[in-house]
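In what follows, a single structure is set out as structure tokens and then discussed.
The values are calculated or read from the model by the stated rules, or taken from the named source; none is laboratory data. Computed from a predicted model, the values in this text were never measured in an experiment. Using ideal geometry, Cβ is built from the backbone for each residue, glycine included, and neighbour counts are taken over all protein chains shown.
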Amino acid sequence: MGSMVSHMYRGVQYMIGCGGYSSKALPSPDTLHKANALVWRRTGSMYFDEDGDLAHEFYEEVKPTTKGEKAWMRPLTDRLSPQGVVPLQVPRLHVDFPYVMCEAWTS
């Protein structure tokens, strides 16, 4: 168990930017912002169409060419632009930041 914790500590120490594996090494002010466990923005999963509407998918109705056929919906894949970077309302934990989450017991 101890080797696992020390291995994870070294990973966090590397991401924060502490020099070496010494327990006395402190991060410098230049490297304090090197790593952050929180994510404040994400890439949006929606698209804008040419009218400026925002949605995950766009469809257009295809009218029947002959009598008796049903109309059907065709997905639009061209003339769409991605939403881009979206700010999160609540920050999330970064998936690549090595940390341990546990419940602290008090006696």
Cβ-Cβ below 8 Å, separation at least six or inter-chain, first residue in segment 60-73 and under 24 Å from ASP49 (Cα atoms), second among the small types (Gly, Ala, Ser): which pairs?
GLU61/ALA71; VAL62/ALA71; LYS63/ALA71
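Do we find that GLU57 is at pLDDT 95 or above and in a loop (DSSP other than H, G, I, E, B) in this structure? Spell out the reasoning first.
Details: at pLDDT 95 or above: yes; in a loop (DSSP other than H, G, I, E, B): yes.
Judged against the criteria, GLU57 is a match.
So which residues in segment 64-88 are part of a loop (DSSP other than H, G, I, E, B), in contact with a strand residue (DSSP E or B) (Cβ under 9 Å, 6 or more places away or on another chain) and not hydrophobic (A, V, I, L, M, F, W, C)?
From segment 64-88, those part of a loop (DSSP other than H, G, I, E, B) are 64-71, 76-80, 83-84; that's our starting set.
From the residues that got through so far, the ones that are in contact with a strand residue (DSSP E or B) (Cβ under 9 Å, 6 or more places away or on another chain) too are 64, 71, 76, 80, 83-84.
Once the filter is applied, which keeps residues that are part of a loop (DSSP other than H, G, I, E, B), in contact with a strand residue (DSSP E or B) (Cβ under 9 Å, 6 or more places away or on another chain) and not hydrophobic (A, V, I, L, M, F, W, C), segment 64-88 yields PRO64, GLN83, GLY84.
When you check PRO91 against the structure, is it free of Cβ contacts under 8 Å to residues at least 60 places away in the same chain and either under 14 Å from the mean Cα position of the chain (by Cα) or outside any strand (DSSP E or B) (or both), yes or no? Quick ask: steps written out before the conclusion?
Numbers: free of Cβ contacts under 8 Å to residues at least 60 places away in the same chain: yes; either under 14 Å from the mean Cα position of the chain (by Cα) or outside any strand (DSSP E or B) (or both): yes.
Considered against the rule, which asks whether it is free of Cβ contacts under 8 Å to residues at least 60 places away in the same chain and either under 14 Å from the mean Cα position of the chain (by Cα) or outside any strand (DSSP E or B) (or both), PRO91 comes out as yes.
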Can you tell me which residues in segment 86-107 are surrounded by 10 or more Cβ atoms within 10 Å (Cβ to Cβ) and either closer than 16 Å to SER45 by Cβ or of a type in the set (A, V, I, L, M, F, W, C) (or both)?
VAL86, LEU88, ARG92, LEU93, PHE97
